[in-house]
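Notes follow once the structure below has been shown.
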Amino acid sequence: MVAVVGASGSGKSSMLAVAGAMRQPDSGRIHVGGISLTDAAASKRCHLRHDLVGFVFQGSNLLASLTALEQLELVGRIGRAPRAATRRKALALLGEVGLAAKAERRPGQLSGGERQRVGIARALMADPAVLLVDEPTSALDHQRAIDIVGLLVEETHRHQIATLMVTHDRSLAGLADRVIEMRDGRLAPAAVPER
């Protein structure tokens with residue numbers, strides 16, 4: 001798990017958009033899981049994004065009318081996975097993030113931290129090679145923020161995926177395996193507090 005720190009406007013979110021093939025880079029290449037996303041047509045990039053990249057957004061971006069379980073099942077349906085297998089996997093992931101008992105609740109019935117947990121589980125539904133996480137704790141108090149980043153570290157290792165998390169909070173970045181800093185669109189090693 002790599003955390004990227006930097007001031008507002010330094011290019012962190014733009015980097016995530018390029019890394020997730022949401023935007024084309026001005027130069028360079030994007031490779032995820034040994035597959036080039038740079039050369040792929042727009043429709044192919046869309047499919048590759050679904051298959052290779054999981055996104056956890058600053059706001060949970062959950063659909064208000066769907067339950068926590070349905071949020072995850074929707075990802076399986078988009079990927080045309082069998083319905084029963086999708087439900088089993090969704091329930092297992094909700095269990096991993098501590099929300100098995102709240103599977104039937106809608107976003108309005110969940111706390112901010114619980115909504116972020118659903119977002120993390122949803123991002124893992126397609127078994128991505130990489131997880132891109134944009135300021136997942138910006139709306140949470142410090143203890144909930146620590147819990148969410150700890151969960152991201154745990155899920156990164158459990159699922160053996162690469163996770164790139166953008167954060168302003170250097171103390172949270174210190175929970176990651178590696179920390180880099182973005183200054184004016186350039187990446188460099190960063191000094192972080194001891195764990």
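The values are calculated or read from the model by the stated rules, or taken from the named source; none is laboratory data. The shown structure was predicted, so the numbers you read here are calculated from the model rather than taken from an experiment. Backbone-built Cβ (ideal geometry, glycine too); neighbour counts: all protein chains shown.
For the range 89-101, which positions are in a helix (DSSP H, G or I), surrounded by fewer than 19 Cβ atoms within 10 Å (Cβ to Cβ) and under 21 Å from the mean Cα position of the chain (by Cα)? Within the range 89-101, LEU91, ALA92, GLY95, GLU96, ALA100 meet the criteria. In the range 1-19, the residues that are in a loop (DSSP other than H, G, I, E, B) and of a type in the set (S, T, N, Q) reach residues that are surrounded by 16 or more Cβ atoms within 10 Å (Cβ to Cβ) and at pLDDT 85 or above with C-beta atoms within less than 8 angstrom, at least six apart or across chains, in these pairs: SER10/MET182. Looking at GLY54, GLY79, GLY59, which is the one that is in contact (Cβ under 8 Å) with a residue 60 or more places away in the chain, over 15 Å from GLU104 (Cα atoms), touching a helix residue (DSSP H, G or I) at 6+ places or on another chain (Cβ under 8 Å) and surrounded by 14 or more Cβ atoms within 10 Å (Cβ to Cβ)? Matching residue, one of GLY54, GLY79, GLY59: GLY54. Over 18 Å from the mean Cα position of the chain (by Cα) and assigned to a loop (DSSP other than H, G, I, E, B) - does that describe any residue in the range 52-65? Yes, the range 52-65 has at least one match. Just one of the listed residues (LEU48, LEU37, LEU16) is closer than 24 Å to ASP177 by Cβ, buried (at least 17 other Cβ atoms within 10 Å of the Cβ) and at pLDDT below 85, namely LEU37.
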